[in-house]
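Visitor: Shown below is the structure under consideration.
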Amino acid sequence: MSRPHTQLATLLRRAQWMLDEAAYKLGGKQLPDTDRYALAEALDELAAALREHVDEPAELAAGQGEHPTTVEAER
């Protein structure tokens, strides 16, 4: 995984963990304001990273302009 992909994956996992934790605390009516603000900041950061993230073009990902190989099952 390249560095931008790794950073984005880390932000996604962090947001997932924070959302799980917030949902649990909210269910018990124990989600403090500081946690809500921290979650909102993390989601803002994730949203910005998702908007900026650019994947490799499909052609390059498939093998430098080559078409993907299709393998058919034996009959």
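Visitor: Which residue out of A22, A73, A62, A49 is modelled with pLDDT of 95 or more and out of contact with any His (no Cβ under 7 Å at 6 or more places or on another chain)?
Guide: Values: A73 fails: modelled with pLDDT of 95 or more; A62 fails: modelled with pLDDT of 95 or more; A49 fails: modelled with pLDDT of 95 or more.
Going through A22, A73, A62, A49 in turn, the sole match is A22.
Each row is one residue, and each column tells you yes or no for (1) within 25 Å of V54 (Cβ to Cβ); (2) in contact with a helix residue (DSSP H, G or I) (Cβ under 8 Å, 6 or more places away or on another chain); (3) not in a helix (DSSP H, G or I).
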{"residue": "T6", "(1), (2), (3)": "yes, no, no"}
{"residue": "T10", "(1), (2), (3)": "yes, no, no"}
{"residue": "A15", "(1), (2), (3)": "yes, yes, no"}
{"residue": "A22", "(1), (2), (3)": "no, yes, no"}
{"residue": "L26", "(1), (2), (3)": "no, no, no"}
{"residue": "L31", "(1), (2), (3)": "no, yes, yes"}
{"residue": "A40", "(1), (2), (3)": "no, no, no"}
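The values are calculated or read from the model by the stated rules, or taken from the named source; none is laboratory data. It should be emphasised that the depicted structure is a prediction, and the values quoted were computed from it without experimental measurement. Here the Cβ is made from the backbone with ideal geometry for all residues, glycine too, and neighbour counts use every protein chain on show.
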